[in-house]
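These notes concern the structure reproduced below.
What follows draws every value from the coordinates through simple rules; no lab data is involved. Bear in mind that the values here come from a model prediction, so they are computed numbers and not experimental data. Cβ placement follows ideal geometry from the backbone for every residue including glycine, while neighbour counts extend to all protein chains displayed.
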């Protein structure tokens, strides 16, 4: 293991130990920790206390090089999306989108000049097309191709820990 990796590992262990010590000394924090339903809640609670414990061994923050865990990262605030461009090349763009209880504004329709392929890595979502009466339900593993200029809108995504999409865009043929 390289020295930088060792230091990152030791820093995380120190942060975990400090978080545990604080939760043992603070009954309110301990109760908040007890009420956490899953790992993301614990990571969020630790972050509120000033500790960064969320990354697993070898995991880095998502960056434009696309070399991080696609399922990592904090859920954005309710009603928002975080968009990370993983790859951008002439005529091609790959994005990771993390949505948390997001939806398109009322009466708003996407009308994109590009083709789009989306797949859900986590969670679920509903997309409505202007030319269809019923929204399409997407779940983890589902994918969909959206033709250029086909009007559509996001009806809903999951609450915390949110919905994670991969979206690939390319020019209309």
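Ordered by the count of other Cβ atoms within 10 Å of each Cβ, fewest first, 152, 98 give 152, 98. Ranked by the mean number of other Cβ atoms within 10 Å of their residues, highest first, the peptides 71-79, 117-125 come out as 117-125, 71-79. Each of the peptides 162-173, 105-116 was scored by the mean count of other Cβ atoms within 10 Å over its residues; in descending order, highest first, they stand as 162-173, 105-116.
Counting neighbouring Cβ atoms within 10 Å and putting the fewest first, the residues 19, 129, 9 line up as 9, 129, 19. For the pair residue 149 and residue 44 in one chain, pulling the backbone fully straight at 0.36 nm per residue adds 33.9 nm over the alpha carbon distance.
Using a Gaussian network model of the chain in which every pair of alpha carbons under 10 angstrom is joined by a spring, one finds that among 128, 34, 156 the greatest mean-square fluctuation is at 34. Potential lengthening of the chain between residue 2 and residue 52 amounts to 15.9 nm, from the contour at 0.36 nm per residue minus the alpha-carbon distance. Once you order the gyration tensor axes a ≥ b ≥ c over the Cα atoms, which shape class does the stretch 80-171 get: rounded for a/c under 1.5, otherwise prolate or oblate by comparing a/b with b/c? Cα axes put the stretch 80-171 in the oblate bin.
Hey, for a label at residue 92 modelled as a point 7 Å past Cα toward Cβ, could you say which residues of the stretch 102-129 have their backbone N under 20 Å away? Backbone N within reach: 113-120.
Classification of the chain by its C-alpha gyration tensor yields an oblate form. The axis ratio a/c (a ≥ b ≥ c) is 1.5 or more, and b/c is at least a/b.
Listing 35, 23, 103 from fewest to most neighbouring C-beta atoms within 10 Å gives 35, 103, 23.
Once you sort the root eigenvalues of the Cα gyration tensor of the stretch 3-48 as a ≥ b ≥ c, which label holds: rounded (a/c under 1.5), prolate (a/b larger than b/c) or oblate (the other case)? It is oblate, given that a/c is not under 1.5 and a/b is not larger than b/c.
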